[in-house]
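Have a look at the structure below before the remarks.
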C-alpha cells in the first residue's frame with residue numbers, strides 16, 4: 001500500500017513516464033528527487049506535518065576547511081513547513097522546483113533558470129496567487145533544491161549561460177561529438193554550462209598546464225599569438241567571473257588530467273575575488289566547492305608591483321574608488337588569505353598604490369608583451385601567489 | 001623628395017615595418033590608412049592647414065534607401081582641423097587611432113577596442129595631457145576612422161567581443177582549421193568577431209535556411225531538440241542584440257549561400273529592434289549596413305497575437321513599462337516600418353495588450369512546444385512579418 005501510494009505520488013507530481021535514456025547520475029538524482037516526495041507522502045500518511053530541511057546558505061553557515069583548503073557549508077539547516085503561514089509558500093515552491101527538475105530529467109531535457117521559472121510559473125487553481133511572482137523568487141529555490149539534494153544545478157538539468165572558451169591540445173567527446181580543441185577556429189571551443197561526465201569525456205590531452213585568463217579579449221591575444229602551441233598548454237577564459245561550467249571544467253581538467261592551473265587576472269579586487277572563487281569556492285555556493293574548487297590554483301598576476309617592475313606608463317593607472325578599497329579589505333580578511341603574508345602584502349600594496357591595473361594595460365608596453373615576456377617569465381621563474 | 005617625406009611620415013607614425021603576411025584586404029586598408037597620413041603631409045608641404053573630413057554619424061545624416069531597403073549614411077561631413085583649438089585634440093586622436101590600426105595590420109595582430117585604447121593611451125610629451133582620458137573618448141574615434149575610410153572595424157583589426165553560437169550542416173575554414181559546424185558539441189561553434197573572408201571561408205553547406213534566435217537559452221532548446229537536423233537548417237543566436245560578427249556572418253551566409261533568414265525574437269520593443277537592426281542596419285552604425293543588413297530577413301515571432309492564439313497562461317505576461325511604450329512608438333515610426341500595415345498592427349496590438357512576452361514563455365505550454373509546434377507551424381504556413 002505504502003509503495004503504491006509512493007508511485008502515485010511521484011506520478012501526480014509530474015504525470016509523465018521517463019522518455020529518455022537516463023545516465024547513472026540521472027538515476028541517482030531522480031532517486032533523490034523522488035525520495036524528497038516520498039518523505040512528504042510518508043509524513044502525510046503518518047499524520048505528521050510535512051517539512052523540508054534546507055541547509056542554510058549564508059556566510060554564518062560557511063567555514064574554511066584548512067585541511068581541504070576550500071570553503072565548506074556548515075550543518076545549519078532551515079526547516080520549511082507546509083502548515084506554517086510564513087513558510088507554506090516557500091515549501092510549495094521547493095516541491096514545485098523539485099518536480100520540475102524531475103520532469104526535465106525524465107524527458108532527457110535541460111533548461112535555463114529562466115526556462116525553469118516559466119515552466120513552473122502559473123496561477124494556483126482557485127486563487128489569484130502566482131507560484132512565483134518573478135524570477136528572483138525562483139532562483140534561490142533552485143539553489144535550495146541543489147543544496148538540499150547535494151546535487152549540482154547541472155545534475156538537475158538546469159544550466160547557467162554559456163560563457164568561456166578554450167583552446168589547446170585536448171581532444172574530448174562532447175555530446176557524442178569528438179572535438180579537437182586545437183582546431184576550433186579563432187574563437188576556440190565554447191565551454192558548455194553542463195560539463196559533467198554524461199556530457200563530456202576527455203579523450204586525449206598532451207598539455208602540461210592550464211593558463212586561465214579573465215576576459216575574452218586577453219584570451220584572444222594569447223590565442224592569436226599561439227601561446228598555447230609554444231608553451232603546450234590549455235588556454236581558457238571565463239568572461240570575467242567564470243560561470244559554473246568553466247569552473248567545473250577547470251576542476252575536472254586539473255583533477256583528472258593532473259594539469260596545474262595558473263590564473264592571469266586583473267590587479268583589482270575583482271581579479272582577487274575571481275581567483276578566490278576558483279581556488280577556494282564561492283561563499284554563496286559553498287556546497288559546490290567539492291566539485292568546483294581548485295585549491296592548488298596559482299595566481300601569476302597582475303601583481304601590484306608590476307606597475308613599477310614592468311615600467312608601465314602612468315596613463316594606464318585606474319584610481320581605486322571607495323568600493324574597491326572596501327572590497328580589497330574584505331578580501332584580505334578572508335580566512336584563506338588572512339594568514340598568507342604574500343597575499344597581505346599584495347593587497348596592501350594595491351591599497352598603497354591607490355590604483356588598479358587591467359591585464360590589457362600591458363599592451364602599452366607592446367601588443368604581445370603579455371604573451372611573449374610577462375607570462376613566460378612568471379612561469380619560468382615560478383613566480384606566483386598561492 | 002615628396003615621396004621620401006611620405007615614407008618618413010608613415011614611418012614616424014608607426015616605426016615598424018610590416019612583419020605579417022598581408023591579405024589583399026589588409027593591403028587595401030593599409031593603403032587607405034597611409035593615404036590619410038599622406039594627405040596630412042601634402043597639406044603641410046603646401047602650407048595648408050591639415051584637416052580630416054569625417055562623415056557625420058547622427059540620425060540627421062541617416063536615410064532609409066527604399067530601393068535597397070536598408071539604412072544608409074547621408075553625405076554630411078564634419079571637418080576636423082589641426083589648427084583649431086576646439087578640434088585639435090580630436091584631430092590628434094583620429095590620426096593616432098589610424099596609426100594604431102596601421103600597426104595592428106602590419107604586425108598581423110588584432111585587438112579589442114579596449115586593447116587599442118591601452119595601446120594608444122599615453123601622456124603627451126612635455127604636457128600633462130593624456131591622449132585619451134578614458135575609453136569613452138576613444139571608441140567614437142574608432143568609429144570615425146571606420147566610417148572615414150569606409151572600412152569595417154574588423155578590417156582595421158579591431159574586434160568586438162565574441163557572442164553568439166552556430167550549429168548546422170555547414171563546414172567552414174576558420175583561420176586554417178576546418179570546422180564541421182554540425183559536430184561542435186553542446187555549445188556549438190562560437191562565432192568569432194572577425195568573420196571576413198581572410199578569416200572564414202565557407203566550404204560546404206547543405207542547409208536550406210537559417211533560424212536566428214535571440215538568446216543562448218532558446219538556442220539551446222532548439223539545439224538539444226535537434227531542430228536543425230529535422231529541419232535541415234543553420235541555427236544561430238546573438239546573445240541578445242547580435243554583435244557585428246554575428247550580423248556579418250548571417251549576411252555572408254544569406255548572400256553567398258542563398259539562405260533565407262528567419263528570426264525568432266521576444267515579443268517586446270527590444271525584439272522588434274533586434275529585427276530592425278538585422279534587417280535594415282543600425283542607426284548608429286549606418287555605414288556598415290551594406291555589409292551587415294539583410295533586407296529579406298523575416299520575423300516569425302513571437303507575435304502580439306500569440307498570447308491568445310497559443311493559449312498561454314496569464315502568468316507569463318510581463319507588463320509594459322513607460323520606456324517600453326515609448327520605444328514601441330519610436331520603432332513604429334521608423335521609415336521602414338511606418339508604411340507596413342502588418343508591422344503597425346503588430347506593434348499596436350502589443351500596446352493594446354499592455355504586456356510583452358519572452359520566447360521562453362512558450363515553455364509554459366511544454367518544454368519543446370517552441371521547437372516542435374510553434375516554429376515548424378509558422379515556417380510551414382509561411383507566416384511571418386517582413
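Apart from one condition, residue A:364 fits all of (1) crowded, with 16+ Cβ neighbours inside 10 Å; (2) in contact with a strand residue (DSSP E or B) (Cβ under 7 Å, 6 or more places away or on another chain); the exception is (2). Just one of the listed residues (B:338, B:346) is in contact (Cβ under 8 Å) with a residue 40 or more places away in the chain and farther than 30 Å from residue A:138 by Cα, namely B:346. Going residue by residue through segment B:156-173, is there one that turns out to be more than 8 Å from chain A (Cβ to nearest Cβ), out of contact with any strand residue (DSSP E or B) (no Cβ under 7 Å at 6 or more places or on another chain) and not in a loop (DSSP other than H, G, I, E, B)? The answer is yes; a qualifying residue exists.
Residues of segment B:372-385 that are assigned to a loop (DSSP other than H, G, I, E, B) and surrounded by 12 or more Cβ atoms within 10 Å (Cβ to Cβ): B:383, B:384. Among the residues making up segment B:199-216, those that are surrounded by fewer than 23 Cβ atoms within 10 Å (Cβ to Cβ) and over 15 Å from residue B:256 (Cα atoms) are B:199, B:215.
Matching residues to (1) assigned to a loop (DSSP other than H, G, I, E, B); (2) at pLDDT 90 or above:
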{"residue": "B:6", "(1), (2)": "no, no"}
{"residue": "B:21", "(1), (2)": "yes, no"}
{"residue": "B:26", "(1), (2)": "no, yes"}
{"residue": "B:41", "(1), (2)": "no, yes"}
{"residue": "B:47", "(1), (2)": "yes, yes"}
{"residue": "B:52", "(1), (2)": "no, yes"}
{"residue": "B:78", "(1), (2)": "no, no"}
{"residue": "B:95", "(1), (2)": "no, yes"}
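Conditions (1) part of a helix (DSSP H, G or I); (2) more than 10 Å from every other protein chain (Cβ to nearest Cβ), marked per residue:
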{"residue": "A:106", "(1), (2)": "yes, yes"}
{"residue": "A:109", "(1), (2)": "no, no"}
{"residue": "A:115", "(1), (2)": "yes, no"}
{"residue": "A:119", "(1), (2)": "yes, no"}
{"residue": "A:126", "(1), (2)": "no, yes"}
{"residue": "A:132", "(1), (2)": "no, no"}
{"residue": "A:137", "(1), (2)": "yes, yes"}
{"residue": "A:140", "(1), (2)": "yes, yes"}
{"residue": "A:143", "(1), (2)": "yes, yes"}
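Assessment of segment A:199-206 against the conditions (at the interface with another protein chain (Cβ under 10 Å from one of its Cβ atoms), under 21 Å from the mean Cα position of the chain (by Cα) and either part of a strand (DSSP E or B) or more than 14 Å from residue B:186 (Cα to Cα) (or both)) yields at least one matching residue.
Scan segment B:313-343 residue by residue and report those that are more than 26 Å from the chain's Cα centre (by Cα) and assigned to a loop (DSSP other than H, G, I, E, B). Within segment B:313-343, B:313, B:317, B:320, B:321 qualify. Residue-level check: of (1) farther than 29 Å from residue B:149 by Cβ; (2) buried (at least 22 other Cβ atoms within 10 Å of the Cβ), residue B:292 misses just (1). Of the candidates B:329, B:341, B:345, the single residue that is away from every other protein chain (no Cβ under 14 Å) and in contact with a helix residue (DSSP H, G or I) (Cβ under 9 Å, 6 or more places away or on another chain) is B:329. When segment B:174-188 is filtered for residues that are part of a strand (DSSP E or B) and facing another protein chain (nearest Cβ under 7 Å), the ones remaining, listed by number, are B:174, B:177, B:179. Within 11 Å of chain A (Cβ to nearest Cβ) and assigned to a loop (DSSP other than H, G, I, E, B), is that true of residue B:193? Yes.
The values are calculated or read from the model by the stated rules, or taken from the named source; none is laboratory data. Treat the numbers as computed from the prediction; the structure is a model and nothing was measured. Every residue, glycine as well, gets a Cβ built from its backbone with ideal geometry; the counts of neighbours run over all protein chains shown.
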